[in-house]
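The values are calculated or read from the model by the stated rules, or taken from the named source; none is laboratory data. Keep in mind the model is a prediction, meaning the values are calculated, not measured. Ideal geometry is used to build each Cβ from the backbone, glycine not excepted, and the neighbour counts take in all protein chains shown. Calculation scope for accessible area: heavy atoms of the full protein, side chains included, ligands and nucleic acids excluded. Shrake-Rupley method; radii C 1.70, N 1.55, O 1.52, S 1.80 Å.
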Amino acid sequence: MFEQYQADINFLESLANIPKTTYMLGPKDKQIFIERIKRFLTLVDKPQANLKFIHIAGTSGKGSTVKILESLISDANLKVGSFTSPFATTSIERISINNKLISPAELHNILTKQIKPALDKYTLKFSDPISYFEVWLVIALLYFKQQSCDWVILEAGLGGLHDATNVIAKPKLTAITNIGLDHTHILGKTKTAIAKNKAGIIKKNSIFLSTEKNTKLLTLFKNTCKKKQAWFIQNQNLVKNYKANNYFSTSKQQDNLNLALNILDVLKIKSSNTQKIINDFGLICRQEIISKKPLVILDGAHNKDKLDNLIAFVSTQKYKKLHLVLAFAENKNLSVSLKKLLAITNNLYITRFIVNVRKSADLKKLYQVSHRIAGSRSRDKKTKPNLPISVYNDPYQALESALKNARSNDLILVTGSFFLAGELRK
């Protein structure tokens, strides 16, 4: 079974070598990214047609909101599927029903009997192949239909308007967690431009909620709802009725939890054990405490909003020194967040992730930027000077070095990339 699973994953990953329009960056008319998945779905009998959808977009907090929603809806004795991205360690983390991942056997069955025959037909019928991400979405939709899910929660992959998940025509509810400056080369250089793109998930006759606090952006969402004939619902403060566990200790995560509670409220779904689910909640590579003595935290934070939330979470932990194992993807402008991270760091281990699908940040450049920030920090008499910085091409050696240097009352933080956190989680 393991060998078959690896063969299936290798086949899916190989789809990246088929020539296709570059995701989001190629054509002026980006509607092609909706049209091509729509065409493919017609070849597998449109599994999306009769499912009830909750569609979640936003710069950060999507995954937390989706997964706590899945837990709470499941607790209401309903069958709920979720599709999320990216995965941390293994590909099937993308697809689950009532918090149980799709099995390798079920994945193999859908891939062999439905996806591959449809790909063969699509190749001869249409010119622009669908992407790796789009194929995974179709697998999820087929699985949710086969399992007769009462609800399906979709996390947008990138943006909203032209994201593959926006192929659904009639979501019952859409939500945007927040708007931040990430993927600006694709979505736009301002929060307003990004908000317009993400607001593309709002559909006629759907309910809309958001945790965004910027009044200008909220007005944009309200106007979009009015134009699309959707219902804009103001969040109530429902989180005050519950005690937040360690995971929900930051204001950002409390916003995500409050959004999930409001979604349940407007959909009239009642969880029986809400407080227990909140108490027990945790996610892979999101504020994940995976070891103690020394304390080791894995977090895939890779933009300003996520890193700011992570720093707030770290401030709630007890430790003496912080050892930071860090890798970023190429083209990430994170100097502001890096300054905040280095301000609480005692030892820095710069490294890279080792997957082939994404380029890692240049190690020398990251070292130089970190060294410059540390130098300016050392001139501030209020902070501790002389930050030790080391560079490792092998992330496992970076982690090994941190574990060797850390004492039992220290904290090792692995962050900057889901690819790094997921790899070292092994």
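Restricting attention to the range 88-143, the residues that are acidic (D, E) and within 25 Å of I354 (Cα to Cα) total 2. Among residues that are among the hydrophobic types (A, V, I, L, M, F, W, C) and open to solvent by 10 Å² or more (accessible area, probe 1.4 Å), L141 is not included.
Across the range 153-177, the number of residues qualifying as within 15 Å of F232 (Cα to Cα), open to solvent by less than 30 Å² (accessible area, probe 1.4 Å) and either out of contact with any Ser or Thr (no Cβ under 9 Å at 6 or more places or on another chain) or in a loop (DSSP other than H, G, I, E, B) (or both) comes to 2. Does S131 fit the bill of being among the hydroxyl-bearing types (S, T, Y) and buried (at least 19 other Cβ atoms within 10 Å of the Cβ)? Spelling it out, S131 is indeed among the hydroxyl-bearing types (S, T, Y) and buried (at least 19 other Cβ atoms within 10 Å of the Cβ). Looking only at the range 207-216, filter to residues that are among the hydroxyl-bearing types (S, T, Y) and closer than 16 Å to I54 by Cα; which one of those is surrounded by the most Cβ atoms within 10 Å (Cβ to Cβ)? It comes out as S210. Within the range 178-196, the set of residues being at negative phi and crowded, with 16+ Cβ neighbours inside 10 Å comprises N178, I179, G180, L181, D182, L187, K191, I194, A195, K196. Determine if the range 197-206 includes at least one residue that is part of a loop (DSSP other than H, G, I, E, B), open to solvent by 60 Å² or more (accessible area, probe 1.4 Å) and modelled with pLDDT of 95 or more. Yes, the conditions are met somewhere in the range 197-206. Selection of the range 136-180 for residues being among the small types (G, A, S) and within 17 Å of the chain's Cα centre (by Cα) yields A140, A156, G157, G159, G160, A164, A175, G180. Can you pull out the residues in the range 45-58 that are open to solvent by less than 10 Å² (accessible area, probe 1.4 Å) and either farther than 16 Å from S96 by Cβ or modelled with pLDDT under 95 (or both)? The answer is P47, H55, A57, G58.
For the range 220-234, a residue qualifies if it is in a strand (DSSP E or B) and open to solvent by 70 Å² or more (accessible area, probe 1.4 Å), and exactly one does: W231. A residue that is open to solvent by less than 40 Å² (accessible area, probe 1.4 Å), at pLDDT below 95, more than 21 Å from the chain's Cα centre (by Cα) and charged (D, E, K, R) cannot be found anywhere in the range 75-98.
Candidates are the residues of the range 10-30 that are loosely packed, with under 15 Cβ neighbours inside 10 Å and at pLDDT below 70; the one that is farthest from K116 (Cα to Cα) is K28.
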